[in-house]
1. Does anyone have the angle between helix A:279-292 and the longest principal axis of chain A? Alpha-carbon axes, 0 to 90°, nearest 10?
2. Identify, among A:Thr277, A:Ser308, A:Val318, the residue whose Cα sits farthest towards the positive end of the charge dipole of the stretch A:242-344, taking +1 on the Cβ of Lys and Arg and -1 on the Cβ of Asp and Glu, with the dipole about the Cα centre.
3. What order do you get for A:436-443, A:347-354 when each peptide is scored by the mean count of other beta carbon atoms within 10 Å, highest first?
4. Rounded, prolate or oblate: pick one for the stretch A:422-512, where a ≥ b ≥ c are the square roots of the eigenvalues of its C-alpha gyration tensor, a/c under 1.5 means rounded, and failing that, prolate if a/b is larger than b/c, else oblate.
5. Give me the angle, in degrees from 0 to 90, between the Cα long axis of helix A:295-307 and the longest principal axis of the Cα atoms of chain A, rounded to the nearest 10.
6. Using a cut-off of 20 Å between alpha-carbon atoms, which aspartates and glutamates can reach A:Lys242, once sequence neighbours fewer than 8 places away in the same chain are excluded?
7. Please give the solvent-accessible surface of A:Asp237 in Å², to the nearest 10, using a probe radius of 1.4 Å with every protein chain present.
8. Given the convex hull over the Cα atoms of the stretch A:521-648, what projected area results after averaging over all orientations, in nm²?
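The values are calculated or read from the model by the stated rules, or taken from the named source; none is laboratory data. In this text the structure is predicted, and so the values were computed from the model without any measurement. Reconstructed Cβ throughout: ideal geometry from the backbone, glycine too, with neighbour counts over all protein chains shown. Heads up: the accessible areas ignore ligands, DNA and RNA and are worked out on the full protein's heavy atoms, side chains in. Shrake-Rupley method; radii C 1.70, N 1.55, O 1.52, S 1.80 Å.
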Amino acid sequence: MVTLSRKFSTATSDSLTYISLKQFSQNPQKSTPFYQIQQQQLEHLKSQIVTTLDGCKNLTQIKQVHARILLSDLEQSCYVLAKLIRTLIKLNFPVDPYPRSIFNRVKYPNPFLYNALIRGYLIEERLNESIELYSLMRKEGAGPLSFTFAALFKACGAKMNMSLGRQIHGQTILVGGFDEDLHVGNSMIDMYIKCGFLEFGRKVFDEMPKRDVISWTELISAYAKTGNMESAGELFDGLPVKDMVAWTVMVSGFAQNAKPREAIMVFEKMQESGVETDEITLLGVISACAQLGAAKYADWIRDVAEKSEFGGKHSVVVGSALIDMYSKCGSVGDAYRVFQGMKERNVYSYSSMILGFAMHGRAHDAMKLFDEMVTTEIKPNRVTFIGVLTACSHAGMVEQGWQIFELMEKCYGIKPSADHYTCMVDLLGRAGRLQEAHELVKTMPIEPHGGMWGALLGACRIHKSPDIAAIAANHLFELEPYCIGNYVLLANVYASCGRWSDVSTVRKLMRARGLRKNPAFSWIESEKGMVHEFFSGDMTHPRSGEIKQALEDLLERLEAKGYQPHLSSVPYDVNDEDKRRILMTHSEKLALAFGLISTLPGSEIRIVKNVRICEDCHSVICGASQIMGREIVVRDIMRFHHFHDGICSCGNFW
DNA sequence: GTAGGGTTAG
């Protein structure tokens with residue numbers, strides 16, 4: 001059995017050659033010259049037919065070629081018939097009846113012919129027919145060729161048919177002749193990964209006699225997708241020759257697992273190693289920059305993109321990613337410049353730009369862009385509407401929001417999803433219409449998810465509404481019991497209303513569930529590009545003395561203009577003096593004071609904070625932008641705040 | 001015939 005398969009699997013001649021050779025062996029002397037001449041002519045005809053088939057665009061043309069084949073000595077040639085079948089399948093003709101009938105007429109189908117048909121069935125997802133043909137091929141002793149196996153594994157992976165995949169795995173071992181063929185092993189690894197059995201794939205990998213960069217990359221990518229960057233990194237370090245794809249998997253792996261610093265580091269190493277980058281590599285590192293929100297990296301990566309031969313400034317994919325990156329780095333102006341500079345735009349470009357405007361409180365610009373978009377060929381999708389609704393929400397445009405919400409299904413056939421309802425809850429909630437928001441959650445036709453209750457809870461924080469907050473929070477405690485943010489938010493709402501016993505109940509619940517508050521911190525880039533981090537109450541910075549002094553000076557000037565500390569922002573039951581002291585040490589204030597002393601007068605200050613900005617800090621920064629004449633941009637966990645001349649782009653809604 | 005990808009609201 002094994003010998004037979006091996007013999008046929010390596011055969012490249014087709015049936016015609018086989019028949020001619022048979023004639024030759026029966027009468028060598030007579031047939032030699034004839035055989036040689038005929039063989040030459042046939043080879044010529046074959047290549048002619050193959051070329052013609054490559055140019056075929058419709059059935060009539062193909063049938064003409066077929067007629068020509070049937071009239072020639074190539075009538076039984078598996079080589080040209082396989083090509084014929086492949087052409088039909090490429091042009092989306094179903095395997096039954098035409099290609100199948102071509103196959104059925106061949107007396108001695110070879111593995112190529114089987115393979116062409118099997119692949120056709122696989123494209124139609126007719127797994128059973130493929131397997132039947134495969135079994136027939138095995139029974140006839142023809143093949144199988146390694147790429148038939150590869151195609152079978154691919155189909156099993158796509159259908160997540162693990163048990164069939166294992167059976168075929170067994171077949172490859174039985175045949176035993178494929179140890180040398182990497183494609184079979186690689187497809188097998190891929191199949192196990194797609195079926196969700198990474199460890200089976202790893203086992204195949206470990207047992208393969210030979211591996212190539214694709215075998216490694218498949219596994220590295222699978223580890224990255226499951227969030228196991230440690231295993232991905234270990235494998236990657238062991239990979240002897242790293243190509244562009246392998247590097248890219250690491251870059252985007254880190255980016256997708258919220259490790260932007262690592263992603264950028266890997267990208268830098270990649271460049272050092274001299275490997276080229278393409279569009280896809282750029283996307284990974286652009287996404288990392290977006291997460292980091294650091295302006296320094298943003299300009300650097302734009303330069304890299306512009307210099308790269310693939311990711312030139314106007315590529316629609318890279319351009320859209322750059323728009324998102326600049327928006328998240330706080331430079332919505334740069335984002336718009338990229339948008340304007342793009343030769344081609346698609347739904348991603350528009351959606352990203354609309355979301356960018358929304359994020360920065362520029363609702364008017366977002367709406368204008370949406371209006372512009374609907375005059376183009378580009379159809380808005382569900383994400384576009386998230387952007388438009390978010391814009392309405394951050395600008396308090398309740399009526400317009402409702403209109404858009406209705407338009408979405410009526411004019412664009414997009415059924416509002418839970419996420420769209422969340423935007424509406426957010427819109428109503430921010431506008432202070434908490435009862436309506438709560439009603440909407442209760443009456444909408446979709447099961448509310450965490451995000452929706454979260455939006456409601458967030459609105460309760462703004463409007464200090466402890467009763468609805470408790471309802472929303474209780475749902476959240478069930479839906480996402482380990483998300484500390486919700487507990488903190490509820491405690492803050494209670495604290496702002498002075499309900500201290502409720503505050504302590506929430507704190508107890510947190511402790512009981514083993515949850516600890518994440519320390520809040522802020523960071524700021526100095527002019528030299530250094531990143532300075534501040535935790536609340538942090539006095540470890542070398543310039544702490546100056547920072548403290550600058551902050552005191554600032555507050556003094558603000559108080560002279562009527563600023564009063566927002567004592568209700570402190571969620572602890574302590575006296576007012578302590579509250580004042582605690583507010584003084586908030587991380588964003590330390591970052592602000594450092595920004596004031598470490599940057600040139602008149603220049604922009606950018607601060608990033610890992611949680612929501614508090615009300616007191618918000619009003620201090622508002623004031624600072626006015627009396628110090630500074631543009632101040634703060635990115636918190638939710639959005640951007642642009643402070644200019646005493647006013648914030650968020651309209652005091654966040 | 002095998003490996004890598006952009007926008008999502010609290």
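1. 20 degrees
2. After comparing all options, I get A:Val318.
3. Numbers: A:436-443: 16.8, A:347-354: 24.6.
Descending mean neighbour count gives A:347-354, A:436-443.
4. Cα axes put the stretch A:422-512 in the oblate bin.
5. Its long axis makes an angle of about 30 degrees.
6. Straight-distance partners of A:Lys242: A:Asp190, A:Asp206, A:Asp212, A:Glu218, A:Glu230, A:Glu234, A:Glu262, A:Glu268, A:Glu272, A:Glu276, A:Asp278, A:Glu279.
7. Roughly 120 Å² of A:Asp237 is accessible to a 1.4 Å probe.
8. Taking the Cα atoms of the stretch A:521-648, their convex hull projects to 7.3 nm² on average.
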